[in-house]
Amino acid sequence: MIVLQGTLERITFRNEENHYTIARIKTRETRESVVAVGPLPGVSEGETLRLTGQWVAHPKYGDQFKVESFEVTLPASVAGIRRYLGSGIIKGIGMTMAKRIVEHFQERSLEVIENEPQRLEEVPGIGKSKATLITSAWDKHHAVRRVMKFLQDNGVSIAHASAILKHYGTASLDILKNNPYAVSREVPEAGFEVADTIALQSGGKADDPERIKACLVFLLTKQESDGHVYGEKADLARRCIGLTSATDTAVDQALESLSADEEVVVEGEAVYLARFHTAETGIAARIKAMLSVPINPHDLSDEVITQEVLSRLAVQLSSEQIEVVQQVLAHRVVVITGGPGTGKTTLIRAVCAVFKRLRQTITLAAPTGRAARRLSQVTDKKASTLHRLLLCDPETGEFARNPMNPLDSDVVIVDEASMVDTLLMYHLILAVPVNSVLILVGDIFQLPSVGPGNVLADIIASDAVKTFALTRIFRQAEQSPIVRNAHCVRKGEMPCLENSSKELSEFYFIESDSLDRVVETILELCSNRIRKAFPHVDEIQVLTPMHKGETGTINLNQRLQQVINTNPGGIEARGFVFKTGDKVMHLKNNYQKDVFNGDIGIVHEVAKSEGRLSVDYDGRIVDYDLLELDELTLAYAVSVHKSQGSEYSAVVIAMTTQHYPLLQRNLLYTAMTRGRDLVIVVGSRRAVEISLNNNRIDDRLSGLAKRF
């Protein structure tokens, strides 16, 4: 490791979420400025830093010093202390006040502020309130420094400090010293290993029951991130013993204690975090309660339904569709599932028309912003995201809609319901009145929700809810090779990868086992060949299973930007350069901006001198300042998971064996069904075969289906 010392001249960029910083440092040795990048929480311009790290070569910006650890070096001389305090770093202390403090305490000035702040009242002009203000400002500024030093002294990477500081703020150091295992419970980004290292370094005992309990909760949290609703007792015990060397008896006692404290719920061999047990049992109980309420009868005949839909939508329903509509009208909770071309959208529109005839109020919702907009477009009715519908507070994660404040609607229709995880479904189901109708629409063969559970599939598997599995592909859709091949994939059959016809098709497979060739083909397709048919940048979407590697989103986005957007200038954030005309994706729900995770827009304007840019989301311009750019990423290429709930004119799919860990049937199926007019798969036939043979759709640990 290389050690670099110098003065922080300027902070060019700082991400307040993870404290990633780009800064200029004037080195002590050469007095030259160098660029330092990495986590630098709590530092201010003018401070002296001691950086440990290594030099790296950025392809565009040249040599940079990548920071691995750092410490703030406080001045020791009277003159240095006077300059430091008078720089404005500590609020409440200006040049005049700094001079008075240093004249009184000399070289002990900083030591007094840190350890004996009550003595500040000895300084002329500083009363009790002013001393309290200075002490508070000092503590706030140096809390980060103290936490960083404590972590480094205990052998913990500063990369974990940001998550800890974000969660606990100025109380971080007290928590780390007095209750380190709280970190593994409450800050999963830091993890059990960080808390355990600190606890053991501080004299904690290896057989401390709190240590074993914290490990078990951490392992259950890891299960959650892998999509599971619970963990299996034997597996948890084995992994806990591996991390802590605890005995079987100690693990059993820890589980009993966690259960007694209602932190976990143990059902046989299944161990739940309490909130997931509440959610899973709550979903089943609420649906059963809804099913127990009789449905209001109606007198609409098949002929009336047919005429109503025909007059309102200009759609002639098939006999099968009429039967489904009649059955929907006769049930309190209904699931409609099916692949592309089987008429799900037509049924939603028909059901809306018929319920309107019955003078029933209808609420439409979907898990994501793009899915909600698409639902609104096809039904010509307002649709919202589930989080907005349920009035989710982004700060607390709590939902204002609940049994005490339910939705005011006779019928609630949720599209793309396969994307709804266990916790969100629980809050939805609580907010739907028991005498309303709930219709869940989705494709269970797509990827399951990002969050834990496999809710839609479990509800269907329970046999408690009336389910309509649409399998008939309508004649017009049957002519589409996209639809035909998607259904082949769904059944585990090899899609038709040959295209011998000279006529243009909607589906192509371009075979290549070379990663470089796959990338070059994708670049050529998106910048030239299919760009002629789909000229707008938002019409073409590249999908790939992974973020890393040559055919991952990171590399593809940078390469695609180079060939598609030749506009000059731009503004840098997180290693990306955002330019006017770039296709970007928003990465987290932002209720203040009314932009949500997965929303895609086009950079409208870049004002580099002002440190901001604006993005056009379907005609609505949204501004971002420099510190908000961590909410954006380039979106020429996105992961298949991020594409769920969206539809694009043309889709180009990268399928290579480099993606082996994620190659599965429902991923390929989800990717193919995102394309409306054109789907091109670029990659190896072997990768397609691996995906078809890997049908892991039911691998998640969930007990919902058995609770009805």
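Give me the three principal axis extents of the stretch 619-708 from the C-alpha atoms, as integers in angstrom, largest value leading.
For the stretch 619-708, the Cα spread along each principal axis is 45, 41, 26 Å.
Which aspartates and glutamates have a Cα lying under 18 Å from the Cα of Lys466, excluding residues fewer than 8 positions away in the same chain?
Glu320, Glu323, Asp415, Glu416, Asp443, Asp458
Taking the Cα atoms of the stretch 310-397, what is the range of coordinates along each of the three principal axes, in descending order and whole Å?
Principal extents (Cα only, largest first): 49, 27, 23 Å.
Of Pro209, Ser319, Tyr508, which is farthest towards the positive pole of the chain's charge dipole, taken about the Cα centre with +1 and -1 on the beta-carbons of Lys, Arg and Asp, Glu respectively?
Tyr508
Tell me, what is the percent relative contact order of the chain, built from C-alpha pairs under 8 Å that lie six or more residues apart?
10
Which far-off residues, 5 or more places away or on another chain, put their amide H under 5 Å from the one on Tyr508, with H placed in the peptide plane?
Those qualifying (amide H under 5 Å, at least 5 residues apart or on another chain) are Val679, Ile680, Val681.
log₁₀ I(q)/I(0) of the stretch 234-286 at q = 0.12, 0.19, 0.22, 0.27 Å⁻¹, via Debye over equal Cα point scatterers, no solvent, to two decimals?
After summing over all Cα pairs, the log10 values are -0.31, -0.68, -0.83, -1.06.
For the pair Arg108 and Ser512, how long in nm is the line joining their label points, each one 7 Å along Cα→Cβ?
My value for the distance between the label points is 7.3 nm.
So what J values fall out for the stretch 288-293 if you push phi through Karplus, 6.51 cos²θ - 1.76 cosθ + 1.60 with θ = phi - 60°, rounded to Hz, Gly and Pro as x?
4, 5, 5, 5, 7, 8
Taking the Cα centre of each part, how many Å lie between the stretch 160-206 and the stretch 569-609?
34
All other residues with a Cβ under 13 Å from the Cβ of Glu493 taken together, and with Lys, Arg as +1 and Asp, Glu as -1, what is their net charge?
+3
Based on DSSP H runs of at least 4 residues, each adding -39500 (n - 2.57), what is the mean residue ellipticity at 222 nm of the chain after dividing by all its residues, to the nearest 500 deg cm²/dmol?
When only DSSP H runs of four or more count, the value is -11500 deg cm²/dmol.
How much of the accessible area of the stretch 122-216, in percent, comes from carbon and sulfur atoms when a 1.4 Å probe is used?
51
Measure off 7 Å from each Cα along the Cα-to-Cβ vector at Leu243 and Cys488, then give the distance between these two points in nanometres to one decimal.
4.5
Which listed residue (Ile522, Ala486, Gly552) has the Cα farthest towards the positive end of the charge dipole for the stretch 423-574, taking +1 on Lys and Arg C-beta and -1 on Asp and Glu C-beta about the Cα centre?
The one lying farthest along the dipole's positive direction is Ala486.
Return the sequence-ordered ³J(HN,Hα) values of the stretch 599-612 in whole Hz as given by the Karplus equation 6.51 cos²θ - 1.76 cosθ + 1.60 applied to θ = phi - 60°, using x for Gly and Pro.
Ordered by residue, 3J(HN,Hα) equals 5, 10, x, 10, 4, 8, 8, 10, 10, 4, 5, 9, x, 8 Hz.
³J(HN,Hα) across the stretch 178-188 via Karplus (A = 6.51, B = -1.76, C = 1.60, θ = phi - 60°), whole Hz, x for Gly/Pro?
Per residue, the Karplus-derived 3J(HN,Hα) values read 9, 8, x, 6, 5, 4, 5, 7, 9, 10, x Hz.
Using a probe radius of 1.4 Å on heavy atoms only, what accessible surface per residue do you get for the chain? Whole Å² is fine.
About 45 Å² of surface per residue is accessible.
Take the alpha carbon atoms of the stretch 66-104, find their center, do the same for the stretch 622-694, and report the distance between the two centers in whole angstrom.
Going from one Cα centre to the other spans 52 Å.
If you project the alpha carbons of the stretch 348-472 onto their three principal axes, what span does each projection cover, largest first, in Å?
Extents along the principal axes: 42, 33, 29 Å.
If you work out Rg and Dmax of the Cα atoms in Å from the coordinates, which of (1) 28.8, 91; (2) 29.4, 96; (3) 29.2, 86 do you get?
(2)
When all C-alpha to C-alpha distances in the stretch 436-546 are sorted into bins of 10 Å, what percent of pairs does each bin hold, rounded to whole numbers?
Bin by bin from 0 Å, the calculated values are 10, 28, 33, 20, 8, 1.
What pairs in Lys288/Lys588; Lys222/Lys382; Lys130/Lys588; Lys149/Lys205 have C-alpha atoms more than 31 Å from each other?
Table pairs above 31 Å Cα-Cα are Lys288/Lys588; Lys222/Lys382; Lys130/Lys588.
How big is the dipole moment of the stretch 124-233 about its Cα centre under a simple scheme where the beta carbon of each Lys and Arg is +1, that of each Asp and Glu is -1, and everything else is neutral? Debye, nearest 20, please.
Dipole of the stretch 124-233, to the nearest 20 debye: 640 debye.
Can you divide the C-alpha Rg of the stretch 129-224 by 2.2 N^0.38 Å and report the result to two decimal places?
1.16
Hey, got the dipole for the chain? About the Cα centre, +1 on K and R Cβ, -1 on D and E Cβ, debye to the nearest 20?
I would put it at about 1240 debye.
Counting pairs of Cα atoms in the stretch 34-173, how many percent are more than 19 Å apart?
56
What does the charge count near Arg612 come to, summing +1 for each Lys or Arg and -1 for each Asp or Glu among other residues with Cβ under 11 Å from its Cβ?
-4
How far apart, in nm, are the 7 Å Cα→Cβ label points at Asn567 and Ala607?
Those two pseudo-labels are separated by 1.5 nm.
Just to make sure I understand: if all protein chains stay in place, what is the order of Thr170, Thr12, Thr244 by accessible area at 1.4 Å, largest first?
Thr170, Thr12, Thr244
The values are calculated or read from the model by the stated rules, or taken from the named source; none is laboratory data. Treat the numbers as computed from the prediction; the structure is a model and nothing was measured. Cβ: placed from backbone, ideal geometry, glycine included. Neighbour counts: every protein chain shown. Only protein heavy atoms, including side chains, enter the accessible area calculation; ligands, DNA and RNA are left aside. Shrake-Rupley method; radii C 1.70, N 1.55, O 1.52, S 1.80 Å.
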